[in-house]
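Colleague: Mind looking over this structure? Questions follow.
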Amino acid sequence: MSGGAARGPAIRRLRPIHRKMSFAAFERLPHRLGWKYEYYGGMAHVRPAYLSVTFVLDLTPRTGRQRAGMRPVTPDDARALEKPFLAAFAQAPEYVGYSAQAFRLKATQYIAGFFGEVRGAWSPASVVAEVGGEIIGAALVKRREKGPLLDCLFVHPWHGRQGWATALVTRAVRALLAEGASKLQSQVHLANEASLAWHQRFGFREVPDFWVASLRARFYAHELERRKDLSEAERALLGQLADYWWAEAHRLEELLHQEYASAYPKAE
């Protein structure tokens, strides 16, 4: 990056696995929640399952000093947002399997859509972070009839683990509170472990979803059956997780039969 921003190592894209191997070797592959594992044609095929988790945050005043280097986003930032967006999502599951050209096109389309009318109008509560005069991250918020949406949150990996994501959303929350908003919704790819963990740490709560619960239940049950090498304590934990998510899936399934919308409680 120019303009005084620190330069870091090259960022490699996260890619799906399509690899020739025996079925026995495939069965030994470590599995991650939110990823799809298939074996056919003598090959392992591993890619994200493309299922999202919905979160909602009850907006309350947040204490703490405002971090320098942040300011409201403007449409003039559109081009400058592409570089940190591409860097941040290079190692994220959302764009696994896209060619480099298609990935760049998706970044351009997303940012154009953000400043357009996709999923609502863009909110002035949106904020960017700058280092050395260059944008390194953003919290982009959309205005919708049912309440604001944290449409995208990203930080360039060279500036990761420095508290930027928390600082960006904290500033956005303050702006939303000043507008009179009471809740903020967000959606996270189930395979994006880092984003899921960040949302939970920040205080977002997960909105129950039948399909998410079912996938988690199947994942933990399959791991319990597949992993014969685990200790008794590890197997007991997997069993508890499988039982919990099966119970949650059955609870939501009953709601699904009674009234479809009840299985997906509104976030607002």
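The values are calculated or read from the model by the stated rules, or taken from the named source; none is laboratory data. Values in this document were obtained by computation on a predicted structure and should not be read as measured data. Backbone-built Cβ (ideal geometry, glycine too); neighbour counts: all protein chains shown.
Colleague: Can you tell me how many residues within region 117-126 are modelled with pLDDT of 95 or more and more than 19 Å from the chain's Cα centre (by Cα)?
Modeller: Of the residues in region 117-126, 5 are modelled with pLDDT of 95 or more and more than 19 Å from the chain's Cα centre (by Cα).
Colleague: Scan ARG67, ARG32, ARG13, ARG47 and give me the residue that is farther than 19 Å from HIS189 by Cβ and surrounded by fewer than 18 Cβ atoms within 10 Å (Cβ to Cβ).
Modeller: Going through ARG67, ARG32, ARG13, ARG47 in turn, the sole match is ARG67.
Colleague: Still on this structure: Considering region 44-73 alone, what residues qualify as being part of a strand (DSSP E or B) and either in contact with a His (Cβ under 6 Å, 6 or more places away or on another chain) or polar (S, T, N, Q) (or both)?
Modeller: Result: HIS45, SER52, THR54, PHE55.
Colleague: Now for a different question. For GLU94, which of the numbered conditions (1) over 30 Å from ARG226 (Cβ atoms); (2) out of contact with any Phe, Trp or Tyr (no Cβ under 7 Å at 6 or more places or on another chain); (3) surrounded by 15 or more Cβ atoms within 10 Å (Cβ to Cβ) fails to hold?
Modeller: Only one criterion is unmet by GLU94, namely (1).
Colleague: Out of curiosity, is ALA221 in the same structural domain as PRO72 (by TED's automatic domain parsing) and of a type outside the set (Asp, Glu)?
Modeller: no
Colleague: Tell me whether region 86-96 contains one or more residues that are part of a loop (DSSP other than H, G, I, E, B), over 24 Å from PHE204 (Cα atoms), out of contact with any Cys (no Cβ under 6 Å at 6 or more places or on another chain) and free of Cβ contacts under 8 Å to residues at least 24 places away in the same chain.
Modeller: Scanning region 86-96, I find no residue that is part of a loop (DSSP other than H, G, I, E, B), over 24 Å from PHE204 (Cα atoms), out of contact with any Cys (no Cβ under 6 Å at 6 or more places or on another chain) and free of Cβ contacts under 8 Å to residues at least 24 places away in the same chain, so the answer is no.
Colleague: Still on this structure: Could you grab the pairs with beta carbons closer than 6 Å, sequence gap of 6+ or different chains, first residue in region 25-42 and at pLDDT 95 or above, second one of a type in the set (Lys, Arg) and loosely packed, with under 14 Cβ neighbours inside 10 Å?
Modeller: GLY42/LYS20
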